[in-house]
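What follows is one structure encoded as structure tokens, with my remarks underneath.
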Amino acid sequence: MCGIVGLFIKNKALEPRLGELTAGMLATMCERGPDSAGFAVYGAPKSGKAKITLQSPDPDTDFDGLAKAVEKAIDAKAKLEIKSTHAVLTCPADKADLAREAIRAGHPSIRIMGSGDSIEIYKEVGYPTDVAERFALAKMTGTHAIGHTRMATESAVTTMGAHPFSTGPDQCLVHNGSLSNHNNLRRELKHDGMTFETQNDSEVAAAYLTWRMNQGLNLGEALEKSLEDLDGFFTFVVGTKNGFGVLRDPIACKPAVLAETDDYVAFGSEYRALAGLPGIEDAKVWEPEPATVYFWER
């Protein structure tokens, strides 16, 4: 029993309120997942720049001097913005792979949460409202966001076990449910070059979608394929740089509600997550059908 929220802004005038609205939605899902929480925010990309979100259990030590060390490794400028246990490293987009390699090789205690042109990911153990406040979610702006409150069932309560999971550039997934074939699928995906940092079944789902999109599928097509290959009970909300997708398994026992207006598309595990959104009284509100892909893209 976890809580999921998502908000995809269609009206640019609402983008400054993305974090504020997402924080309010996340707060309604606390009792569905009090163990840990996380969120991904897609902000405006900067031409020629990539962002890498990092996490450290000892940020005072690990982040001290990190920007200079990365600059030396990639022979280019890098900027580090620290937020509590997380930091966002900005560097030239064509140097992002080198930067990640340098961090993994020279700073093994630092974990890479996600990377891309737009995405920033923050997640930690703790009560969801505390996590949102810790990373100033309410002050963040952008085009779309996805959030998760976790009640652990498949793996330990850890930072890395929290959602969202990101396994490809500007991609992330949050999940409510349980996959029954994740161990076999993990082995198959490893054989095809995918890597994993946890034993969480949700990370397998994220990696599966990345694997499919690496084959040239868009998010909607990858979600369609997942209905053939993933077994279990699940509700997924998935983000890409330009897209936002929702999928429930064929039985659809996990709760889900969607709402759409001219200004936004919103998702919540329960309607109360949507009740505070502007214009919700005029929105089209419905329960997503089982085994049906819902997908919006810019």
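Details
- Considering residues of the stretch 267-282 that are within 21 Å of the chain's Cα centre (by Cα) and among the small types (Gly, Ala, Ser) only, the residue nearest to Ala27 (Cα to Cα): Ala273
- Filtered residues of the stretch 98-113 (kept if open to solvent by less than 30 Å² (accessible area, probe 1.4 Å) and under 18 Å from the mean Cα position of the chain (by Cα)): Ile112, Met113
- Checklist (1) out of contact with any Gly (no Cβ under 9 Å at 6 or more places or on another chain); (2) free of Cβ contacts under 8 Å to residues at least 40 places away in the same chain applied to Glu197, failing item: (2)
- Leading residue by the ranking (surrounded by the fewest Cβ atoms within 10 Å (Cβ to Cβ)) among those in the stretch 227-253 that are assigned to a loop (DSSP other than H, G, I, E, B) and within 19 Å of the chain's Cα centre (by Cα): Asn242
- Among the residues of the stretch 114-128, the one identified as open to solvent by 10 Å² or more (accessible area, probe 1.4 Å) and aliphatic (A, V, I, L, M) is Val125.
- Residue match in the stretch 210-217 (condition: out of contact with any helix residue (DSSP H, G or I) (no Cβ under 7 Å at 6 or more places or on another chain) and outside any loop (DSSP other than H, G, I, E, B)): yes
- Looking across the stretch 256-269 at every residue that is open to solvent by less than 50 Å² (accessible area, probe 1.4 Å) and not in a strand (DSSP E or B), the one that is farthest from Ala205 (Cα to Cα) is identified as Thr261.
Listed here are the residues, each with its yes/no results for (1) modelled with pLDDT under 95; (2) touching an Asp or Glu at 6+ places or on another chain (Cβ under 7 Å).
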site: Met213; (1), (2): yes, no
site: Leu217; (1), (2): yes, no
site: Leu223; (1), (2): yes, no
site: Phe233; (1), (2): yes, yes
site: Phe236; (1), (2): no, no
site: Gly243; (1), (2): yes, yes
site: Val246; (1), (2): no, no
site: Asp249; (1), (2): no, no
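- Evaluation of Val131 against (1) surrounded by fewer than 22 Cβ atoms within 10 Å (Cβ to Cβ); (2) touching a Ser or Thr at 6+ places or on another chain (Cβ under 8 Å); (3) part of a helix (DSSP H, G or I) (one fails), failing number: (1)
- From the list Thr141, Thr167, Thr153, the one residue that fits, being in the same structural domain as Lys12 (by TED's automatic domain parsing), of a type outside the set (Gly, Ala, Ser), surrounded by 18 or more Cβ atoms within 10 Å (Cβ to Cβ) and in a loop (DSSP other than H, G, I, E, B), is Thr167.
- Number of positions in the stretch 170-190 that are touching a Lys or Arg at 6+ places or on another chain (Cβ under 6 Å) and either of a type in the set (A, V, I, L, M) or outside any strand (DSSP E or B) (or both): 1
The values are calculated or read from the model by the stated rules, or taken from the named source; none is laboratory data. Remember, it's a predicted structure, so these values are computed and weren't measured experimentally. Cβ: placed from backbone, ideal geometry, glycine included. Neighbour counts: every protein chain shown. Note: areas computed on protein heavy atoms with side chains; ligands, DNA, RNA excluded. Shrake-Rupley method; radii C 1.70, N 1.55, O 1.52, S 1.80 Å.
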